Every structure is written in C-alpha cells, then in structure tokens.
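Enquirer: Following this message is one structure expressed as structure tokens.
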Amino acid sequence: MCHSNAAARTLVGASEYVINIPRSSATFLAFGLLAVSQSGNIIRISDAHPVAIAGWRLLLATLLLAPFALRAGGLRVLDLRGLLLLGAAGVTLALHFFTWIAAVQETQVANAALLFSLSPVLTAAGGRLFFGERVTRRLAISIGLGVLGVAVIGWSDLRMAPDHILGDGLALLTAVFFAIYTLLGRQLRGELPTATYVASIYGVAAVVSFGWMMVGDIPLVDYEPRDWWCFILMAAVPTGIGHTGINHALRYLSAARLSVLTLVEPPLAAAVAWWVWEESITGAMFLGFGLIAAAVLLLVTERPPILPTQSGHLKHFLDPLWEQKIR
C-alpha cells in the first residue's frame, strides 16, 4: 500500500481524501487545457479527412511518448480486468473523436458544443454511481454555471431542426464517450504511471482510427506537407500536452471536477482565434466566458476529494519510482 504524506491530506469519510493538487501538476493541467483547446485552430491548417487527422495525431503522440512509457513501465501490474479497462479507455477515446467529428459535420457547431457540455453532468453521475464520489453543492453549482456559459456562447447560433437530429444525437454520444473515457482514467490512473497510461490509450485509439481509415478507404499517407504539419502539431500540442496533462491531473482530481475544468476550452480557443484568425468576440461570448470563469473559480477555491497518493510533482512524470500501484 502506498503511504502518503499525512500533512498533505485530510480524511473525509471512509474512502475519500482531500488534497491540494501539487503546483507543478496544476501548471501542467493549465498548459494542458490551453493546448487541448487549440485543436480546432490547428485543424484549420489541413484539408485532410477528420479521421485521418485523428489517426495520425494519435499514432504520432504514441510514438512521442513511447520512450517515457517504456522507462516508466507498469503494465505488468494490471490483471486481465485492468488490461480490458485500458483497452476500453482507448476505444472510447477514439469513439469520442469520431462522434465529435461526425456531430460537427451533421449539425450546428453551437448544438454540438452545448450537448457536449453535458459531459460534466454525466461524469458526475457516473462518478457517484461507480466510485461513490460526492456531488457537493459547490460542484453542482459549478456544473450548472459551466453548462449555462457554453449555452450563452452558442445561443445565437443554436438551431433545433429535424435535419439536425442525427448530429445532435452524435454530439450527445460524444459527451457520453468522454465521460466514460474520463471515468476509466480515474480508476486506472491509480495503478499506472502517466506516460504508460496515455501512451497505451493513444496506441489503442490509433489502431481503431487506422482500422476505420482502411475500412472507409481513407488515404493513409497521401497528404500534402501542410497536412503533415497539422498531424505533427495535433500530436504534440492537443494530444501530447493537452490530453496528457488532463490525464495526469486525474491522479488528484475527481473526474467530475476535471470535466468541468475542460469547459474552459471554448474561451481559450476563441482567444487564440481572435488573435491569429481575427475572429470577432461578441458580448454574448464575453458573458458566457464569465460564467465559465465563475464555474472554474468555484472549483479551484474548493479542496476536492481525490485518490490518496504520494506528494507528486511534474518531474515525476518521468520517474517510474514515484507512481506506484495503489492497493
């Protein structure tokens, strides 16, 4: 059993602990959220098929992180159930990417964004059902403010129409898959080092993506130089830094709280789009950003329930001796 610093945690009930996330890990998460929010801006570089972008970002990210994963090890601690859960996490990550891409193609972006913003609600419900995580009043208010913020941002473009039913359903599935992916990570992050976990799920998701490409007769390598730049940037920024930073934080934060924090992506993406692409920011968007900021403020001023763990720092991402299996 791992021994954690008694001064760094406080017992809450029979199985929950409260701890402040290490500053270095919080910084990693902040950069991760900024990085993952830029996927839409980076995708603009390429005209490649969305599934090809997803497949190559995942494969290149796997290759990027493989040396760290091999050094960290950890897969041998998993039994058959653990390996199946790891595979399921990778498959749901791929399905999350695919359904999101298809949703944006079949419905309004505002519809897709609003329905995807329900993921914190689904994650909180799943965390309560499967892990017994408490949904505090502050968390519930934070989720409500975050969803409302996303709704305000996209309200002017929101359109409910019969021809959008398929896309709206896919957007809701996107939220479901993201919730499942996050909850699976919540369980497995207590048993695997960050590098090992993310390289494994990216690898599984890449296999699923390339399988989809071959079945769908999508070109594997016949792309322009700008497409390859897009693949590389997508692998390094929103995947290598973004999703990795989010998964690293799952060791300290409940899945529901982390899911709420991902709602900062629209403001961060809009800020960069304004700066790089000279896109306008409306008054409604400012109001929505303010509501999301209020939701995040509620979370960062609360000491959240997390997994008991050793006091960690970002440097331990490369240190297999730090992350030990919690029995």
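Enquirer: If you check Leu86, Leu33, Leu29, which single one turns out to be touching an Asp or Glu at 6+ places or on another chain (Cβ under 9 Å), more than 16 Å from Arg226 (Cα to Cα) and part of a helix (DSSP H, G or I)?
Expert: On inspection, the qualifying residue turns out to be Leu33.
Enquirer: Within the set of pairs 6+ apart or on separate chains, which have a first residue in the range 268-288 that is at positive phi and loosely packed, with under 13 Cβ neighbours inside 10 Å, a second that is at pLDDT 80 or above and not in a helix (DSSP H, G or I), and C-beta atoms under 9 Å apart?
Expert: From residues that are at positive phi and loosely packed, with under 13 Cβ neighbours inside 10 Å, there are no pairs.
Enquirer: So Trp228 passes all but one of these: (1) more than 30 Å from Arg257 (Cα to Cα); (2) in a helix (DSSP H, G or I); (3) at pLDDT below 95. Which condition number does it fail?
Expert: Condition not satisfied by Trp228: (3).
Enquirer: Give the residue, chosen from Leu122, Leu114, Leu93, Leu86, that is at pLDDT below 85 and surrounded by 20 or more Cβ atoms within 10 Å (Cβ to Cβ).
Expert: After ruling out the rest, the residue left standing is Leu114.
Enquirer: Condition first: touching a residue at least 12 places away in the same chain (Cβ under 8 Å), farther than 24 Å from Leu263 by Cβ and not in a helix (DSSP H, G or I). Now tell me which residues in the range 189-219 satisfy that.
Expert: Within the range 189-219, Gly190, Glu191, Leu192, Pro193, Gly216, Ile218, Pro219 qualify.
Enquirer: If you go through the range 13-51 one residue at a time, how many are surrounded by 13 or more Cβ atoms within 10 Å (Cβ to Cβ) and either charged (D, E, K, R) or modelled with pLDDT under 50 (or both)?
Expert: 4
Enquirer: Is there a residue in the range 114-125 that is touching a residue at least 60 places away in the same chain (Cβ under 8 Å), within 30 Å of Leu291 (Cβ to Cβ) and in contact with a His (Cβ under 7 Å, 6 or more places away or on another chain)?
Expert: No, the range 114-125 contains no residue that is touching a residue at least 60 places away in the same chain (Cβ under 8 Å), within 30 Å of Leu291 (Cβ to Cβ) and in contact with a His (Cβ under 7 Å, 6 or more places away or on another chain).
Enquirer: Failed condition for Pro162, given (1) surrounded by fewer than 20 Cβ atoms within 10 Å (Cβ to Cβ); (2) modelled with pLDDT of 85 or more; (3) not acidic (Asp, Glu), with all others met?
Expert: (2)
The values are calculated or read from the model by the stated rules, or taken from the named source; none is laboratory data. The structure presented is a predicted model; accordingly, all values stated were derived computationally and were not measured. For neighbour counting, all protein chains shown are included, and Cβ atoms are generated from backbone atoms with ideal geometry for every residue, glycine included.
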